[in-house]
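First up is the structure itself, then whatever we jot down about it.
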Amino acid sequence: MERKMDEMITDTSTDEKEKNNNDNNGETDFIHGICRQKYYEGNYNMFLLIFIIAVSIGVIVQNLKLDNSNKNFTKDYKTDRRKYWVYSAYNDVENKNGLLKHVHLVLERIGYEKSSNTTPWSLLWSHDYPFRVLYPNLHRLKPNQMVNHFPGTGFITNKVDLATSNSKYIPKAFKLPANKNEFLQYASKNKDALFLEKHNQHRGVFLKNVSEIDLSSGESFVQEYVQKPFLVDGHKFDIGVYVVLTSVNPLRVYYYKGDVLFRYCPAKYYPFDPKVLDKYVVGDDYLPTWEVPSLAHPYTALGFTMKEAFDTYVRSKGKDPAVMWTEVESAISEVFLNKEHHIIEALNNYPSGDNFFEMMRFDLVVDEDLKVYLLEANMSPNLSSAHYPPNQLLYEQVLFNLFSLVGVASYINGRGNTDLREQTQAENMVSAQKNIAVWSDECSTKCRDRCEASPICNLCRPCLGAKLRKNLLQAHREFLHKGDFKRLFPPEMTQKQVTTEQFTSLNKMNQLQYLWYQGKCNIDITWCK
């Protein structure tokens with residue numbers, strides 16, 4: 001009995017153990033399940049965190065690469081931009097809001113970066129004549145470097161040198177005291193003549209009779225005064241024409257036909273009083289076109305140029321301004337033809353003349369019959385609109401057309417490519433041999449075997465010299481990019497018409513260039529003008 005009770009107790013204990021074990025196992029499994037769940041959840045969260053960090057790092061790295069790429073692009077772009085610098089011994093030209101404000105603006109707009117002479121530069125814009133002070137820099141220019149002056153043009157822009165030139169368009173002038181006797185003889189023969197006493201180094205102008213002039217002064221010259229000027233609303237005026245010299249030997253000259261600068265005296269001419277300079281001398285405070293009553297409406301309300309507003313007024317008075325403008329062209333062309341030899345001589349001190357161009361402003365007046373008189377040529381004409389803001393458009397259009405004409409605005413010419421083969425191919429893309437080939441009939445017949453058979457033969461490819469060929473390629477590029485500039489010299493031509501009288505007075509290079517332009521004119525009438 002006791003044994004059975006013990007067995008029962010033992011069995012009961014065993015069942016309880018099993019139950020307890022089962023309970024313990026369930027609890028353990030439950031705990032293990034929770035642990036496993038937390039383990040997987042932890043791993044998932046860890047994986048998610050790692051994934052987010054990896055993606056973030058990837059984005060950051062990519063942004064850094066893009067940022068560095070942009071920085072490198074900006075760096076390369078800036079390095080690749082063409083550079084210019086400015087020079088003046090007397091004026092503040094570095095200030096981008098100063099005297100050369102519009103020069104800086106236009107150059108930046110066409111892709112130039114302001115720099116200094118110590119960096120590889122493509123353009124020097126000098127406000128002063130640079131060939132004395134900067135000679136060490138300018139006598140070893142690279143082919144892609146350009147300077148906005150020609151050596152020797154002082155014979156044109158120097159007041160006394162121009163005034164004493166022999167020309168029907170220039171009022172008679174005399175150096176003092178060197179030409180004192182000639183002056184007195186001229187004055188005695190022209191008793192009604194009045195004379196302006198001018199100083200070569202500054203803008204002072206004084207109207208005097210002969211008895212008042214200091215004949216012993218070594219700093220002045222006298223020039224006959226143009227009496228009875230043509231007036232607009234009672235005001236005397238002068239005419240400023242922008243002219244560009246791109247080449248000498250052969251000579252090429254252009255003038256800006258987009259507009260002309262008219263400056264009117266602030267006081268009415270009559271009743272005339274020589275003591276009142278505002279009646280006959282154009283100063284800094286001149287009367288602008290938009291304040292002249294008869295010109296204000298066509299210029300401001302109708303949007304015409306200063307030139308067209310003036311021409312309209314002239315026609316309303318029964319006169320033809322076209323004759324006047326033809327004389328303006330002749331007067332300016334004559335100056336360059338007479339002075340070219342001085343520039344050619346000055347260029348002998350430089351390796352090449354291909355690095356230079358020059359823009360001047362020629363100032364002229366007209367009398368009551370619209371007869372033209374040339375007074376002076378300004379080496380560095382005013383290009384600041386600070387005093388007259390409406391002139392901004394004129395100055396910037398003149399500059400842009402100038403840079404286009406001479407190649408400063410050309411992407412190809414400004415690159416300075418070190419690969420000569422690629423550079424040549426790039427230049428040929430614009431102007432090549434086929435673009436300068438002329439006189440095909442003559443070159444195919446009488447010039448085929450004999451270069452000396454005719455002057456025209458010198459333009460045939462087998463006979464064409466390297467210097468002239470290079471110059472004619474440049475002339476072709478100028479034709480393509482002249483914009484609102486018109487060729488002044490060589491002059492206008494007629495198709496299929498050549499006479500020796502038209503160019504016998506020219507030097508050999510100018511004769512050949514004249515024949516070349518005539519050849520281009522024969523092929524395409526747009527080349528005639």
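The values are calculated or read from the model by the stated rules, or taken from the named source; none is laboratory data. Nothing here was measured: the structure is a model prediction, and the numbers come from that model. Cβ coordinates were reconstructed from backbone atoms using ideal geometry, including for glycine residues, and neighbour counts include every protein chain displayed. The protein model used for the area step is the full one, side chains on, heavy atoms only, and it has no ligands, DNA or RNA in it. Shrake-Rupley method; radii C 1.70, N 1.55, O 1.52, S 1.80 Å.
Some notes on this structure:
- Counted residues, the range 105-136 - those being open to solvent by less than 50 Å² (accessible area, probe 1.4 Å), without any contact (Cβ under 8 Å) to a residue 60 or more places away in the chain and in a helix (DSSP H, G or I): 0
- Residue list for the range 247-277, restricted to those being of a type in the set (Asp, Glu) and more than 33 Å from the chain's Cα centre (by Cα): Asp273
- The number of residues in the range 492-529 being farther than 21 Å from Cys463 by Cα, at pLDDT 95 or above and out of contact with any helix residue (DSSP H, G or I) (no Cβ under 6 Å at 6 or more places or on another chain) comes to 3.
- Any chance Leu473 is in contact with a Ser or Thr (Cβ under 9 Å, 6 or more places away or on another chain) and surrounded by fewer than 15 Cβ atoms within 10 Å (Cβ to Cβ): no
- Residue that is surrounded by the most Cβ atoms within 10 Å (Cβ to Cβ) [pool: residues in the range 161-192 that are small (Gly, Ala, Ser) and more than 23 Å from Val335 (Cβ to Cβ)]: Ala187
- Residue in the range 391-402 that is touching a His at 6+ places or on another chain (Cβ under 9 Å) and either open to solvent by 50 Å² or more (accessible area, probe 1.4 Å) or modelled with pLDDT under 95 (or both) present: yes
- Residue in the range 145-155 that is open to solvent by 50 Å² or more (accessible area, probe 1.4 Å) and aromatic (Phe, Trp, Tyr) present: yes
- Check on Val314, touching a residue at least 40 places away in the same chain (Cβ under 8 Å) and not in a helix (DSSP H, G or I): no
- Count of residues meeting criterion [surrounded by 13 or more Cβ atoms within 10 Å (Cβ to Cβ) and outside any loop (DSSP other than H, G, I, E, B)] in the range 505-529: 16
- Sole residue being open to solvent by less than 20 Å² (accessible area, probe 1.4 Å) and without any contact (Cβ under 8 Å) to a residue 60 or more places away in the chain, chosen from Tyr254, Tyr269, Tyr242: Tyr269
- Residue list for the range 441-470, filter: outside any helix (DSSP H, G or I) and either open to solvent by 80 Å² or more (accessible area, probe 1.4 Å) or touching a Leu at 6+ places or on another chain (Cβ under 7 Å) (or both): Thr445, Lys446, Arg448, Asp449, Arg450, Arg461, Pro462
- Val260 β-branched (Val, Ile, Thr) and touching a residue at least 60 places away in the same chain (Cβ under 8 Å): no
- Evaluation of Ile343 against (1) open to solvent by 10 Å² or more (accessible area, probe 1.4 Å); (2) in a helix (DSSP H, G or I) (one fails), failing number: (1)
- Set Val408, Val366, Val328: member being in a helix (DSSP H, G or I), buried (at least 19 other Cβ atoms within 10 Å of the Cβ), in contact (Cβ under 8 Å) with a residue 24 or more places away in the chain and touching a strand residue (DSSP E or B) at 6+ places or on another chain (Cβ under 9 Å): Val328
- Among (1) in contact (Cβ under 8 Å) with a residue 24 or more places away in the chain; (2) part of a helix (DSSP H, G or I), the one test that Ala296 misses: (1)
- Residue check for Leu347: in contact with a helix residue (DSSP H, G or I) (Cβ under 7 Å, 6 or more places away or on another chain) and either of a type in the set (A, V, I, L, M, F, W, C) or modelled with pLDDT of 95 or more (or both): no
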